[in-house]
2 protein chains.
Amino acid sequence: MKIYFITGNKNKFAEVKHMLPEIEQLELDLEEIQEFDAHKVIQAKIQEAFKHHKSGDAFIIEDTSLYLDGLNGLPGPLIKWFMQRLKVEGIFDIVEKIGNFGAEAKTIIGYAESPEKIHFFEGSVKGKIVPPSGPTNFGWDPIFKPIGSEKTFQQMAKEEKNVMSMRRIAVEKLKEFLEKS
Amino acid sequence: MKIYFITGNKNKFAEVKHMLPEIEQLELDLEEIQEFDAHKVIQAKIQEAFKHHKSGDAFIIEDTSLYLDGLNGLPGPLIKWFMQRLKVEGIFDIVEKIGNFGAEAKTIIGYAESPEKIHFFEGSVKGKIVPPSGPTNFGWDPIFKPIGSEKTFQQMAKEEKNVMSMRRIAVEKLKEFLEKS
């Protein structure tokens, strides 16, 4: 059995591969359904992946989203459209006007050996939305500062970010699951 | 050839049927893709509809969305999640804090006799977001007041609303198209 991490993002793949050397990258252009619940987004993608791919293999799908306290959790998995319409500057502006800077960065990983049974693993980091700390071409890293840190994700070295990354927490839970099973 | 308006919303169907008596209602549970561009949402639904239904018939799919100036057009077709997370009170609160009350209500209708060729018809109404004018169980009608009106959509009688409805404008364009073809 091979384990495929379905993603077109090389950086994400490298980050996860570093912790789970057995995985392979698979680029599949899977439609993202319109849902606020990331579990449902992942479930729809995994079910589509099994339609296109022979069984006997396992799939990993990952969703990393930003949840803003001042918007009762929005955008969550809809972050792509907030980034497209508002960019990090616009998101900071709105958060500042609302006056609630609290945020949560959350990674949810779905792992499935068959479309019927998906195992979910979650990692999350609480933080604050701050003015963009630098170049804004790497998602929302420039405006997210984890609680207890003096730096935004964008200002951290890769290793430094990984230590407190919501993705690392989720991948560690998956790794533990795979070792046990 | 039959023309099916695919919707689960009886009120929407009645409103459109009143102008286009030849249409029939079809309830199909079509997945909504995650997109800001309503044309793409409609296109995906129409293509899915043709997979499930015999050819020889035509389909109408309608998207009515609220675009907020202070959020650079968001939520648009993502309005469902804003309503779910924030409700009309929360949307008004955010708009008030941002300090930009401008909004646009837009209906886009897709009409297709085959999945390859979709005709689009659009109607839109500019307005302002105001404090909820009443019961909030009818979408965002209680917070949308068209420019030039003293009433929100929620405060208008049905006939009064239809006169200035973005849906009526779009349906009239479709009607004209059907009469010519």
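The values are calculated or read from the model by the stated rules, or taken from the named source; none is laboratory data. Values in this document were obtained by computation on a predicted structure and should not be read as measured data. All Cβ positions, even for glycine, are placed from backbone atoms using ideal geometry, and neighbour counts span all protein chains on display. Calculation scope for accessible area: heavy atoms of the full protein, side chains included, ligands and nucleic acids excluded. Shrake-Rupley method; radii C 1.70, N 1.55, O 1.52, S 1.80 Å.
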Read phi for every residue in region A:29-39 and hand back ³J(HN,Hα) as whole Hz from Karplus 6.51 cos²θ - 1.76 cosθ + 1.60, θ = phi - 60°, with x for Gly and Pro.
8, 9, 4, 9, 6, 8, 8, 8, 8, 4, 4
What does the buried accessible surface come to for A and B, summed over both chains, with the probe at 1.4 Å? Round to 100 Å².
2300
³J(HN,Hα), Karplus 6.51/-1.76/1.60, whole Hz, each residue of region B:3-12, x for Gly, Pro:
10, 9, 8, 8, 7, x, 9, 5, 5, 4
In deg cm²/dmol and to the nearest 500, what is the mean residue ellipticity at 222 nm of chain B if only DSSP H runs of at least 4 residues count, each as -39500 (n - 2.57), divided by the residue total?
-11500 deg cm²/dmol
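Among bridges DSSP assigns within region B:2-82, what percent are antiparallel (round to 5)? Mind showing how you got there, number by number?
Values: 2 of 8 bridges.
Of the beta bridges lying entirely in region B:2-82, close to 25 percent run antiparallel.
Peptide A:97-103: average number of partner chain Cβ atoms within 10 Å per residue?
Working: counts 7, 5, 1, 1, 0, 0, 0.
Whole-number average of other-chain Cβ neighbours for A:97-103 is 2.
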May I ask for the angle, rounded to the nearest 10°, between helix A:166-180 and the longest principal axis of chain A, with both axes built from Cα atoms and the value confined to 0 to 90°?
20
Under a cut-off of 26 Å between alpha-carbon atoms, report the lysines in cross-link reach of B:Lys161, not counting same-chain residues fewer than 8 places apart.
B:Lys10, B:Lys12, B:Lys17, B:Lys80, B:Lys87, B:Lys106, B:Lys126, B:Lys128, B:Lys145, B:Lys151, B:Lys173, B:Lys175
Cα centre as origin, Lys/Arg/Asp/Glu Cβ charges: region A:32-181 dipole, Debye:
120
Rounded to whole Hz and in sequence order, give me ³J(HN,Hα) for region B:83-91 from the Karplus expression 6.51 cos²θ - 1.76 cosθ + 1.60, θ = phi - 60°, writing x for Gly and Pro.
5, 5, 7, 10, 6, 5, 4, x, 5
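Roll a 1.4 angstrom probe over the protein heavy atoms and tell me the percent of accessible area of region A:80-145 that is carbon or sulfur.
51
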In straight Cα distance, which aspartates and glutamates are under 14 Å from A:Lys180, not counting same-chain residues fewer than 8 positions off?
A:Glu172
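So which chymotrypsin sites (Phe, Trp or Tyr not before Pro) in region A:133-181 end up in coil per DSSP with only 11 or fewer other C-beta atoms within 10 Å?
Details: sites: A:Phe138, A:Trp140, A:Phe144, A:Phe153, A:Phe177; in loops: A:Phe138, A:Trp140.
Sites meeting the loop and neighbour criteria: none at all.
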Quick one: check the C-alpha center-to-center distance for region B:1-77 versus region A:23-71, whole angstrom.
25
Student exercise, region B:34-108 dipole from Lys, Arg, Asp, Glu Cβ charges, in Debye to nearest 20
280
Å² of accessible area per residue within region B:39-83, as computed with a 1.4 Å probe and no ligands counted
35
Here, trypsin sites (Lys or Arg not before Pro) of region B:37-68 satisfying both criteria (DSSP loop; at most 12 other Cβ within 10 Å) are B:Lys54
